[in-house]
Amino acid sequence: MKMTKEKMTTGETLLRALKDAGAKALFGIPGDYILPFFDVAAQSGILPVHTLSHEPAVGYAADAAARFGGGVGVAVVTYGAGALNMMNAVACAFVEKSPLVVISGAPGADEFKSGLLLHHQLTHVKSQLNMFREITCAQGVLDNPKTAAREIARVLGECKRCSRPVYIELPRDTVKSPCKPAAPLKEKPVNEKAARNAAAAIVRRLKNARRPAILAGVEVRRFGLEEKLAALAEKAALPLATTLMGKGMFTHVAAPCLGAYIGAAGDDAIRKAVEESDALLIFGAIRSDTNFGAAGKKIAPRNAIYVNADELSVGGKKMPPADLARLLDLVLEKTPARREKRFSLFSRKTKPVAAPAPQFTDALLTADNVMDALRLLPQEGKEMPVAADIGDCLFMSAGIPDVPFLASGYYATMGFGVPAGLGVQAATGARPLIVTGDGGFQMTGWELLNCRMHGLDPVVLVLNNGGWGMLKRFSGDADYISRGAFSYAALARELGGEGYAARTGRELQTALQTALNRRGKFQLVEAVLSHNEVSAALKNYVSALRANKEGLRKKRA
């Protein structure tokens with residue numbers, strides 16, 4: 001419904017600004033303080049509305065919509081009980097640098113003046129706003145229709161610039177107040193001197209190195225720099241790998257990406273290309289234990305060039321942060337072209353290393369069988385975005401080549417997988433493959449009951465080993481690790497989908513093929529594993545973490 005400037009309301013101004021910022025859908029749960037905004041959203045049709053069942057899932061779905069579809073993700077909840085219940089999902093988006101917009105309803109001004117404590121309210125009016133200051137990069141309260149448009153533009157501008165969550169509080173008595181349109185989002189001026197100085201230092205290091213390489217992190221995707229970084233790798237003949245969090249980048253770019261670096265737990269050739277580089281351009285990566293904690297050999301600061309939105313250092317020397325896009329343009333412009341390949345690994349994407357074909361038999365299913373099945377997905381699954389939960393399913397999914405990939409690879413919050421997959425399909429239409437463990441499924445798997453209402457039909461693989469498999473590697477087989485015996489395939493049918501239980505490798509192959517071929521309902525494949533079964537990749541990762549921690553302990557002793 002097209003509105004004139006005179007007839008626009010605060011709610012409509014906000015919705016149009018969100019759409020201009022790249023939002024493709026709203027995800028939320030109605031509540032009394034946010035109902036007026038839901039009404040405006042439904043009546044205006046500016047953005048489609050997808051309701052879920054629990055606020056954490058709302059946050060994960062909106063986060064994933066932003067990660068996969070570009071633009072911003074939007075989570076809409078009520079005051080207090082709704083917004084505070086979503087804080088873990090917002091924290092995940094904050095530390096993993098995902099542009100999520102949190103819209104929380106709030107009581108109107110007259111309600112706060114009543115002298116009564118209001119339901120959902122904490123100690124004072126600004127309690128919730130103050131809590132969200134810790135996990136968002138900008139905040140705005142739209143309590144004045146005269147300044148609302150300016151506040152919307154400011155907050156959304158920071159969301160895009162920082163690629164991090166922002167918080168908008170929307171009192172219910174201002175939603176339908178007259179409001180001007182929000183101004184277009186303005187880009188901040190680039191510090192050209194900082195970018196040129198940094199580019200010159202980076203080019204010198206790469207030019208003089210014997211074994212230069214690139215390790216790309218999630219900010220490359222967040223700021224739309226995949227094509228530019230791929231062009232640099234191609235021009236300078238630099239081996240290119242991603243961090244675990246950055247897996248899935250370059251899938252639609254002509255880049256000779258080696259794969260994901262997981263330290264001693266991953267491919268040894270990739271590990272050597274990264275850890276033995278004497279000029280490693282670490283571009284857009286988060287310095288976290290999940291990205292670097294399992295390193296077989298620690299990357300020395302003198303060999304590293306760290307570049308992200310908040311940090312820039314070359315060979316251990318700190319420099320002022322620079323605009324990433326401008327910096328990359330300058331590095332690409334000033335880097336001389338090279339024809340020879342620095343590593344034989346460089347052409348690995350086009351000439352894959354031959355490996356023995358896995359055998360899928362009638363023997364009981366193992367975690368490594370599941371990894372093989374994912375690595376050799378039938379043709380129907382090759383282009384599907386993969387949303388993975390934390391734990392063994394993260395490491396299993398890391399072996400799937402050349403697919404868009406979403407996971408909470410740093411914050412490591414359980415329950416991300418299912419709502420993330422739903423968010424991707426709702427916002428973009430792309431049918432996802434969701435890989436989750438039984439523990440993660442028990443948190444948010446119930447959101448699948450919303451698939452029928454929203455016309456979603458993801459393929460879901462549940463790894464069922466009767467407990468929190470990753471924790472078993474740290475704590476042993478304690479009683480509190482067990483999650484009980486359930487049939488998730490049977491549960492799928494109760495939730496409105498179709499389910500298949502696989503207990504052997506051959507059954508898993510058949511079930512995955514069937515699930516990929518069927519449309520219209522969500523398809524759930526339950527991989528039934530023995531109680532203590534985890535993949536070799538997870539075992540290696542935990543062993544590497546332990547070895548590195550033990551090494552640090554001995555060094556300090």
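The values are calculated or read from the model by the stated rules, or taken from the named source; none is laboratory data. In this text, all values refer to a predicted model and were calculated from it rather than measured experimentally. Cβ placement follows ideal geometry from the backbone for every residue including glycine, while neighbour counts extend to all protein chains displayed.
Taking the options Ala430, Ala357, Ala412, name whichever one is assigned to a loop (DSSP other than H, G, I, E, B) and on the phi > 0 side of the Ramachandran plot.
Ala412
Condition check ((1) under 13 Å from Tyr60 (Cβ atoms); (2) surrounded by 17 or more Cβ atoms within 10 Å (Cβ to Cβ); (3) at pLDDT below 95) across all residues:
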residue: Pro404; (1), (2), (3): no, yes, yes
residue: Ala420; (1), (2), (3): yes, yes, no
residue: Thr428; (1), (2), (3): no, yes, no
residue: Leu433; (1), (2), (3): no, yes, no
residue: Val462; (1), (2), (3): no, yes, no
residue: Tyr480; (1), (2), (3): no, no, yes
residue: Ala489; (1), (2), (3): no, yes, no
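Quick one: which of Ala153, Ala200, Ala209, Ala138 is out of contact with any helix residue (DSSP H, G or I) (no Cβ under 6 Å at 6 or more places or on another chain) and farther than 30 Å from Lys235 by Cβ?
Ala153
Can you tell me which of (1) surrounded by fewer than 16 Cβ atoms within 10 Å (Cβ to Cβ); (2) at pLDDT below 80; (3) among the hydrophobic types (A, V, I, L, M, F, W, C) is the one Phe346 doesn't meet?
(1)
Is there a residue being touching a Leu at 6+ places or on another chain (Cβ under 8 Å), among the aliphatic types (A, V, I, L, M), farther than 30 Å from His454 by Cα and at pLDDT 80 or above anywhere in the stretch 521-544?
Within the stretch 521-544, one or more residues are touching a Leu at 6+ places or on another chain (Cβ under 8 Å), among the aliphatic types (A, V, I, L, M), farther than 30 Å from His454 by Cα and at pLDDT 80 or above.
Using the structure shown, decide if Ile390 is crowded, with 22+ Cβ neighbours inside 10 Å, modelled with pLDDT of 85 or more and in a loop (DSSP other than H, G, I, E, B).
yes
Kindly indicate whether any position in the stretch 122-141 is part of a helix (DSSP H, G or I), in contact with a Gly (Cβ under 7 Å, 6 or more places away or on another chain) and outside the structural domain of Ser408 (by TED's automatic domain parsing).
Yes.
Which residue, of Ala387, Ala426, Ala412, is within 25 Å of Ala536 (Cα to Cα), touching a residue at least 60 places away in the same chain (Cβ under 8 Å) and touching a strand residue (DSSP E or B) at 6+ places or on another chain (Cβ under 8 Å)?
Ala387
May I ask you to verify whether Ala62 is crowded, with 21+ Cβ neighbours inside 10 Å and touching a helix residue (DSSP H, G or I) at 6+ places or on another chain (Cβ under 7 Å)?
In short, yes.
Tell me the helices (runs of 4 or more DSSP H) entirely within the stretch 1-89 that contain at least 2 residues that are touching a residue at least 12 places away in the same chain (Cβ under 8 Å) and either of a type in the set (Ser, Thr, Tyr) or on the phi > 0 side of the Ramachandran plot (or both).
Of the helices (runs of 4 or more DSSP H) lying wholly inside the stretch 1-89, those with at least 2 residues that are touching a residue at least 12 places away in the same chain (Cβ under 8 Å) and either of a type in the set (Ser, Thr, Tyr) or on the phi > 0 side of the Ramachandran plot (or both) span 10-20.
Give the residues of the stretch 164-173 that are assigned to a loop (DSSP other than H, G, I, E, B) and either among the acidic types (Asp, Glu) or surrounded by 22 or more Cβ atoms within 10 Å (Cβ to Cβ) (or both), sorted by residue number.
Arg164, Pro165, Asp173
Assuming Cys257 fulfils every condition listed in (1) under 24 Å from the mean Cα position of the chain (by Cα); (2) surrounded by fewer than 20 Cβ atoms within 10 Å (Cβ to Cβ) apart from one, which condition is it?
Checking Cys257 against (1) under 24 Å from the mean Cα position of the chain (by Cα); (2) surrounded by fewer than 20 Cβ atoms within 10 Å (Cβ to Cβ), the one that fails is (2).
Within the stretch 498-520, work out how many residues are touching a helix residue (DSSP H, G or I) at 6+ places or on another chain (Cβ under 7 Å) and either among the charged types (D, E, K, R) or in contact (Cβ under 8 Å) with a residue 40 or more places away in the chain (or both).
Final tally of qualifying residues: 8.
Output the residues belonging to the stretch 217-226 that are crowded, with 24+ Cβ neighbours inside 10 Å and in contact with a helix residue (DSSP H, G or I) (Cβ under 6 Å, 6 or more places away or on another chain).
Val220
Looking only at residues in the stretch 283-297 that are over 22 Å from Cys92 (Cβ atoms) and surrounded by 14 or more Cβ atoms within 10 Å (Cβ to Cβ), which one is modelled with the lowest pLDDT?
In this case the residue turns out to be Gly296.
Give just the number: which of (1) surrounded by fewer than 19 Cβ atoms within 10 Å (Cβ to Cβ); (2) under 22 Å from Ala426 (Cα atoms); (3) at pLDDT 95 or above does Met86 not satisfy?
(1)
Suppose we filter Glu533, Glu507, Glu498 for residues that are touching a Gly at 6+ places or on another chain (Cβ under 9 Å) and either among the charged types (D, E, K, R) or over 15 Å from Pro432 (Cα atoms) (or both); which single one remains?
Glu533
Report, ordered by the first and then the second residue, all pairs with beta carbons closer than 7 Å, sequence separation of six or more or different chains, a first member in the stretch 531-557 that is buried (at least 19 other Cβ atoms within 10 Å of the Cβ), and a second member that is modelled with pLDDT under 70 and not charged (D, E, K, R).
Once the first residue is buried (at least 19 other Cβ atoms within 10 Å of the Cβ) and sits in the stretch 531-557, its partners that are modelled with pLDDT under 70 and not charged (D, E, K, R) give Val534/Gly469; Leu538/Met470.
If Arg154 meets every condition in (1) surrounded by fewer than 20 Cβ atoms within 10 Å (Cβ to Cβ); (2) touching a strand residue (DSSP E or B) at 6+ places or on another chain (Cβ under 7 Å); (3) in a loop (DSSP other than H, G, I, E, B) apart from one, which number is that one?
Here Arg154 clears every test but (3).
What residue, of Ala264, Ala273, Ala254, is without any contact (Cβ under 8 Å) to a residue 40 or more places away in the chain and in contact with a helix residue (DSSP H, G or I) (Cβ under 8 Å, 6 or more places away or on another chain)?
That would be Ala254, the only listed residue that is without any contact (Cβ under 8 Å) to a residue 40 or more places away in the chain and in contact with a helix residue (DSSP H, G or I) (Cβ under 8 Å, 6 or more places away or on another chain).
If a residue has to be in contact with a Gly (Cβ under 8 Å, 6 or more places away or on another chain) and either more than 21 Å from Lys97 (Cβ to Cβ) or in a strand (DSSP E or B) (or both) to count, how many in the stretch 280-302 make the cut?
Number satisfying all stated conditions: 7.
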